[in-house]
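Notes to accompany the following structure.
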Amino acid sequence: MSASADNPDLSHFQAIPWCAALLSAPDVTVLPSPSNCRILKPNAEDALFALTLNTDDTISALLYFHKRPPPRQKLIEEISALMTLGYRLNGYANVVHGGIVVTIIDEAMGFLLGQNMERGAFSSVGDVVTADLRVRFLRPVATPQTVCISVRFREVKGRKYFVEADLKDGEGTVLAKGEALWIATKSAL
């Protein structure tokens with residue numbers, strides 16, 4: 001995918017050398033931007049990421065990408081997100097509030113599940129919700145900066161999806177780790 005005025009988030013990340021290196025790997029698929037969570041739905045779904053966290057001073061740019069799965073494999077095992085974080089996410093001076101760190105990890109996990117549902121990788125349809133989420137804060141997440149959140153499946157058991165995540169800075173230092181259980185709601189079966 002080439003940078004263009006139609007995709008300012010892609011252009012933004014291609015201008016950051018370490019992000020450009022991730023996005024230009026030969027087996028990487030960059031997903032369309034803006035991502036679905038940045039589009040406000042008529043029922044106000046996604047208002048948090050589409051409006052509240054979509055400003056120059058909060059999350060100014062967001063882009064998802066993943067390695068291409070083998071042919072005929074529907075499952076995308078891991079998805080990554082690049083996010084540029086601004087000062088209006090601070091809890092302390094120049095440090096992202098812990099609740100925001102949890103929120104962006106949760107959002108990236110939900111995106112992984114959503115992409116796989118859209119691709120028909122799982123038989124469940126409908127809502128998949130966070131049942132349990134634990135985050136370990138290893139280092140402060142400074143602002144302003146761009147981070148990479150990588151989320152992947154650890155295990156899938158029926159309607160239970162065990163997902164884990166790493167939030168890293170541009171030098172590859174892990175700042176936070178997350179583990180979650182997501183469940184397809186019974187109404188979705």
Cross-link partners among lysines for Lys168, C-alpha distance below 21 Å, same-chain residues fewer than 8 apart left out? Lys67, Lys177
What is the Cα radius of gyration of region 98-167 over 2.2 N^0.38 Å, N being its residue count? 1.20
Long-range amide H contacts for Ser35: which residues qualify at under 5 Å (H placed 1.01 Å from N, peptide plane, sequence gap of 5 or more or a different chain)? none
Dipole of the chain, positive direction: furthest Cα of Ser150, Leu53, Asn7, with charges on the beta-carbon: Ser150
Here region 163-177 yields Karplus 3J(HN,Hα) values (6.51, -1.76, 1.60; θ = phi - 60°; whole Hz; Gly and Pro given as x) of 10, 10, 8, 10, 10, 10, 8, x, 9, x, 6, 6, 9, 7, 10
If one builds a Gaussian network model of the chain from Cα atoms under 10 Å apart, the most fluctuating residue listed among Thr146, Thr130, Thr52 is Thr52
Taking the chain as a Gaussian network, where each spring joins two C-alpha atoms under 10 Å apart, which residue of Pro140, Pro17, Pro32 fluctuates the most? Pro17
Once phi for every residue in region 8-24 is put through the Karplus expression 6.51 cos²θ - 1.76 cosθ + 1.60 (θ = phi - 60°), the whole-Hz ³J(HN,Hα) values, with Gly and Pro written as x, are x, 5, 4, 4, 4, 6, 5, 7, 9, x, 5, 6, 4, 5, 5, 6, 9
In terms of Cα to Cα distance under 28 Å, which lysines are near enough to Lys186, apart from those fewer than 8 places away along the same chain? Lys41, Lys74, Lys157, Lys160
Using the Cα centre of region 8-188 as origin and beta-carbon charges of +1 (Lys, Arg) and -1 (Asp, Glu), tell me which of Val174, Gln73, Leu133 is placed farthest towards the positive end of the dipole. Gln73
Quick one: length gained pulling Gln73 to Thr29 fully straight, 0.36 nm per residue minus the C-alpha distance? 14.4 nm
Shape category assigned to region 37-163 from the gyration tensor of Cα positions, a/c cut at 1.5: prolate
Compute the distance in nm between two label points, each set 7 Å from the Cα along the Cα-to-Cβ direction, one at Phe137 and one at Arg152. 2.6
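Only the coordinates and a few stated rules stand behind these numbers; no lab work does. Keep in mind the model is a prediction, meaning the values are calculated, not measured. FYI the Cβ positions are ideal-geometry reconstructions off the backbone, even for glycines, and counts take in every protein chain you see.
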